[in-house]
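S.K.: Dropping the structure in here first, questions after.
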Amino acid sequence: MMQESNTASLTKNCVVTGGAGFIGSHLVERLLSDGHLVTVLDNFSTGRRKNLQEHSRLKIREVDIAEYEQISEFFVNVDWVFHLAALADIVPSIEHPLRYHRSNVDGTVSVLEAARQAGVRRFIYAASSSCYGLATEFPTPESAPIRAEYPYALTKYLAECCVMHWNQVYKLPCLSLRLINVYGPRARTTGSYGAVFGVFLAQKLAGRPYTVVGDGNQTRDFTYVSDVVDAFVQAAKSELTGEIFNVGSGRTYSINKLIELLGGEKIHIPKRPGEPECTYACISKISEALGWQPRVGFVEGVAKMLEHIDDWREAPVWDEASIDIATRQWFEHLGEKKDSRRPPEPGLCSVTTGAEAKDR
Ligand code: UDP
């Protein structure tokens with residue numbers, strides 16, 4: 001693992017885009033507790049002010065990252081940039097592809113350019129393992145084929161290509177972390193139907209049955225947020241650049257296992273098109289390069305979620321009927337693919353980046 005230069009100050013001046021969101025707010029807490037200065041850039045479209053506590057070393061600026069003129073001043077004298085601002089969730093991305101492109105791709109280009117013009121020392125991008133689509137190799141390495149299944153996945157991947165491009169052309173010291181099924185306190189930040197923990201915890205609070213998709217035997221690489229935050233900090237401290245790393249739990253767990261840990265009744269709802277049977281990221285590359293390892297196991301992580309269940313008191317309580325309405329567009333647009341376990345074919349965005357090719 002690379003060490004920081006001895007002459008470098010221990011206190012870093014950091015920018016966290018999307019710092020009021022779920023993962024961003026955990027990262028901000030960690031950076032502050034490590035003694036750093038933090039400026040959060042967030043438009044509060046999905047992030048929440050109450051995710052951030054006031055702190056003497058924290059500045060919060062409400063800006064649109066896609067507007068270069070609004071953000072460039074905040075990158076002057078910055079050491080570390082963590083770029084997490086993005087629109088999330090599958091369904092709204094199918095409904096509003098332009099909105100997703102603007103936030104996730106144009107927004108990233110604007111942040112990259114602000115970081116380059118200011119000469120920042122490190123740029124860490126929160127990429128998404130949704131770029132693998134319906135992977136066939138498990139655990140899935142960074143070199144697996146890219147096959148975005150819906151606009152959210154596509155825009156996060158296109159933005160990753162931009163990050164690598166700014167590294168290649170302008171030598172901006174970038175790393176990209178492909179996150180997978182991240183969970184933790186504050187995980188639900190929007191009203192759209194989305195990540196399973198928010199759905200299930202709100203159902204548990206309301207005494208409603210869990211809506212299990214399919215037979216519940218599908219598995220996910222649930223990764224606890226503090227492990228993801230560790231990966232961001234280690235990536236910033238390292239001197240490696242131009243690399244893409246998976247960040248996962250090193251395991252994969254079924255939805256039925258999650259329900260067993262949460263306890264309670266369940267009902268079954270239809271399988272969604274384009275949804276993988278399994279997500280499971282290979283984490284050898286980041287473990288070897290950065291010495292990073294996940295530390296929070298699933299049983300411990302779910303217990304922590306239950307300790308924080310009050311975070312979901314105001315979250316929408318989904319049921320079979322409301323999920324049916326919310327996912328209608330999903331079925332309409334992706335529904336021609338009847339078997340979600342089919343092997344992936346070469347697709348629209350079947351691209352291999354230079355950094356990935358090295359792994360082959
Ligand atoms: N899931 C479920 N019921 C729900 C929402 C999700 O059983 O109401 C399952 C879903 O089938 C998937 C897992 O939970 O296997 C994780 O779903 P999420 O949308 O959080 O992540 P993704 O499918 O994008 O990996």
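The values are calculated or read from the model by the stated rules, or taken from the named source; none is laboratory data. Quick caveat, the model's predicted, so the values are computed rather than measured. Every residue, glycine among them, receives a Cβ derived from its backbone with ideal geometry; neighbour counts consider all protein chains shown.
S.K.: So is residue 108 buried (at least 23 other Cβ atoms within 10 Å of the Cβ) and within 16 Å of the ligand (Cβ to nearest atom) or not?
M.R.: no
S.K.: Let me ask something additional. Checking the structure you have, find out if any residue of the range 294-308 is farther than 15 Å from residue 225 by Cα, within 16 Å of the ligand (Cβ to nearest atom) and out of contact with any Leu (no Cβ under 7 Å at 6 or more places or on another chain).
M.R.: Checked against the condition, which is being farther than 15 Å from residue 225 by Cα, within 16 Å of the ligand (Cβ to nearest atom) and out of contact with any Leu (no Cβ under 7 Å at 6 or more places or on another chain), the range 294-308 yields no hits at all.
S.K.: Oh, and also: Among the residues in the range 285-293, are any modelled with pLDDT of 95 or more, closer than 27 Å to residue 23 by Cβ and within 15 Å of the ligand (Cβ to nearest atom)?
M.R.: No; the residues of the range 285-293 include none that is modelled with pLDDT of 95 or more, closer than 27 Å to residue 23 by Cβ and within 15 Å of the ligand (Cβ to nearest atom).
S.K.: Which of the residues spanning the range 301-330 are touching a strand residue (DSSP E or B) at 6+ places or on another chain (Cβ under 8 Å) and more than 17 Å from residue 210 (Cα to Cα)?
M.R.: Result: 301, 304.
S.K.: Turning to a different aspect of this structure: Counting only residues that are of a type in the set (Ser, Thr, Tyr) and touching a Phe, Trp or Tyr at 6+ places or on another chain (Cβ under 9 Å), which one in the range 211-237 is nearest to the ligand (Cβ to nearest atom)?
M.R.: My answer is 211.
S.K.: Inside the range 316-331, can you point out the residues that are under 24 Å from the mean Cα position of the chain (by Cα) and closer than 15 Å to residue 200 by Cα?
M.R.: Within the range 316-331, 316, 317, 318, 323 meet the criteria.
S.K.: Could you tell me which residue of the range 175-200 is nearest to residue 133 (Cα to Cα), considering only residues that are near the ligand (Cβ under 10 Å from one of its atoms) and part of a strand (DSSP E or B)?
M.R.: Residue satisfying both the conditions and the ranking: 182.
S.K.: Considering only helices (runs of 4 or more DSSP H) fully contained in the range 266-335, which possess at least 1 residues that are of a type in the set (Gly, Ala, Ser) and surrounded by 14 or more Cβ atoms within 10 Å (Cβ to Cβ)?
M.R.: Fully inside the range 266-335 and qualifying: 284-290, 298-307, 320-326.
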